[in-house]
1. For region 435-455, name all the residues that are open to solvent by 10 Å² or more (accessible area, probe 1.4 Å), farther than 30 Å from Lys357 by Cβ and in a helix (DSSP H, G or I).
2. Which pairs have Cβ atoms under 8 Å, sit 6 or more apart or on different chains, and link a residue in region 184-200 that is closer than 14 Å to Tyr8 by Cβ to one that is open to solvent by less than 60 Å² (accessible area, probe 1.4 Å) and among the hydroxyl-bearing types (Ser, Thr, Tyr)?
3. Which of the numbered conditions does Ala309 fail, given that it passes all the others? Conditions: (1) more than 25 Å from Cys448 (Cα to Cα); (2) surrounded by fewer than 19 Cβ atoms within 10 Å (Cβ to Cβ); (3) touching a residue at least 12 places away in the same chain (Cβ under 8 Å).
4. Could you figure out which of (1) closer than 15 Å to Cys250 by Cβ; (2) in contact with a helix residue (DSSP H, G or I) (Cβ under 9 Å, 6 or more places away or on another chain) isn't true of Gly382?
5. Determine whether Leu308 is at pLDDT below 95, closer than 21 Å to Thr370 by Cα and aliphatic (A, V, I, L, M).
6. May I ask you to say which residue of Glu208, Glu222 is open to solvent by less than 20 Å² (accessible area, probe 1.4 Å), within 22 Å of the chain's Cα centre (by Cα) and modelled with pLDDT of 95 or more?
7. Between a residue in region 214-234 that is among the aromatic types (Phe, Trp, Tyr) and any residue that is at pLDDT 95 or above and open to solvent by 10 Å² or more (accessible area, probe 1.4 Å), which pairs come within a Cβ distance under 6 Å, given they are 6 or more apart or on different chains?
8. Is there a residue in region 432-440 that is over 21 Å from the mean Cα position of the chain (by Cα), under 30 Å from His110 (Cβ atoms) and without any contact (Cβ under 8 Å) to a residue 40 or more places away in the chain?
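The values are calculated or read from the model by the stated rules, or taken from the named source; none is laboratory data. If you're wondering where the values come from, they're calculated on a predicted model, not measured in any experiment. Quick reminder, even Gly has a Cβ in these numbers, built from the backbone with ideal geometry, and neighbours come from all protein chains shown. Only protein heavy atoms, including side chains, enter the accessible area calculation; ligands, DNA and RNA are left aside. Shrake-Rupley method; radii C 1.70, N 1.55, O 1.52, S 1.80 Å.
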Amino acid sequence: MCGIVGFYGKPNIVYDLMLGLSALQHRGQDAAGIITFEKSFHIKKGLGLVNDVFAQRHADRLRGNIGLGHVRYTTHGSNELINAQPIAANYPFGIAMVHNGNVSNFEEVHNRLYKEYHILPATSNDLELLLYTFSSELNKKDLAQIGPADIFDAVSETQKKVHGAYSVIAAIANHGLLAFCDPNGIRPLVLGQKEGPDGQPVYGFASESVCFDHLGYTPIRELKAGEIVFIDENRQLHSSLGHKTADKFCVFEFIYFAREDSELQGKLVAGQRVKMGRMLAQKVREMGLEADMVIDVPSSGYFAASGLAEALDIPYKRGLVKSNYIGRSFISPSQVEREALVKRKLNPIARTIKGKKLLVVDDSIVRGTTSKRIVQILREAGAEKVYFVSAAPAIKHPCIYGIDMSVSTELLAVGRSDQEICDYIGADALIYQKLEDLKAIFEHNGFCMACLDGAYPTPAAKEALAQIEAERLAIKK
């Protein structure tokens, strides 16, 4: 999972790119990169946060009216600068690209590129597979007479050959800005527009609508599964439906990853989290749990906690304070780092929770690292009872689509009963969202819930899972 932006249509587009990436920082903290085009590509990439990677001197040389940006959260390949995005190829035309997601048939595409097109990717980043497959398909066209139909056809062939979850933005030198989604629409991509200084439209693509809120763009719509949009050199918009198989948007975007003020699939993320909290109330009643208050695990548990408190008619209070200067522990690259972050980022408000029976709401339980530490923190602060509530159902299947849950042995719910999980994290009771209730909230047919129900929407998922899990384990050693 990463955050991507692409803009086209006004001078010094680098400033929109930098601000856009800052709005998407929650989607990746490992690396950041920007590429622009004016006569040639100008690129700056670095490890770390957006504010650490870019300075004024970089903005001064990243010239042009078209560009791409990326914040990285490592799920494929190692966390090294060579794997940071964007990545560019100089033929045909010059193509720069960013993506959000994960290629699930990595080995198959990698081997095809070498055997059929004689291309050896230089990194372990699966973006190269998309970039070189697309450029190879485009190279089959009459490059002297290239048009939107040729680009759409090259993308469609790429979508057929590259499996997995991906949203892609590409800048084609002297031709325009291209964006497309995987055939299942698993990863988000939003099209936006505003008026430029010349009175002509400035177009943008971003992983979340919140990016446009910060930049004064009007969101137009989300790209559909398999959809392709191309903005040509005259800033005319062309769109086409490429290769589509189903609508299977990732439900974990709503559960955890997206910002609460974003709108995805026509739904406000905060509103869906409130619904998840309300739905949990019945299970709390069925278990006969009596609590003095509801608290959240900040900050992704807040809206579910508020919905639960409202449905149960008991007070919601802030019982844990999170440092705003420490990153998201879930997307930290190693278990040791996750544990260290949890210890540093959360502090209890002891006077609020001492002697109280608490319903503690988090967005989900993945590895259990955060949950176990939170229960310990609350007990040390004097809580009488700690009832731990997960707004998501138990995560029992690895993700092969770009969320760092690809190693089955790291998932706490695999092979354990609810009581065993409760004992492990040290809670007095454990409440999971029911899978059927979550499906009712999200109208299941239009969403991927593979990490919850094991129904993977892409081909050869079992083989892909084995390859991705082996690759992640090798990197973690």
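1. Of everything in region 435-455, those that are open to solvent by 10 Å² or more (accessible area, probe 1.4 Å), farther than 30 Å from Lys357 by Cβ and in a helix (DSSP H, G or I) turn out to be Lys439, His444, Asn445, Gly446, Cys451, Asp453.
2. Leu191/Tyr203; Gly192/Tyr203; Gly192/Ser209; Gly192/Tyr217; Gln193/Tyr203; Gln193/Tyr217; Lys194/Tyr217
3. (2)
4. (1)
5. Details: at pLDDT below 95: no; closer than 21 Å to Thr370 by Cα: yes; aliphatic (A, V, I, L, M): yes.
It is false that Leu308 is at pLDDT below 95, closer than 21 Å to Thr370 by Cα and aliphatic (A, V, I, L, M).
6. Working: Glu222 fails: open to solvent by less than 20 Å² (accessible area, probe 1.4 Å).
Just a single option satisfies the conditions, and that option is Glu208.
7. Tyr217/Lys194; Phe230/Pro148; Phe230/His238
8. No, region 432-440 contains no residue that is over 21 Å from the mean Cα position of the chain (by Cα), under 30 Å from His110 (Cβ atoms) and without any contact (Cβ under 8 Å) to a residue 40 or more places away in the chain.
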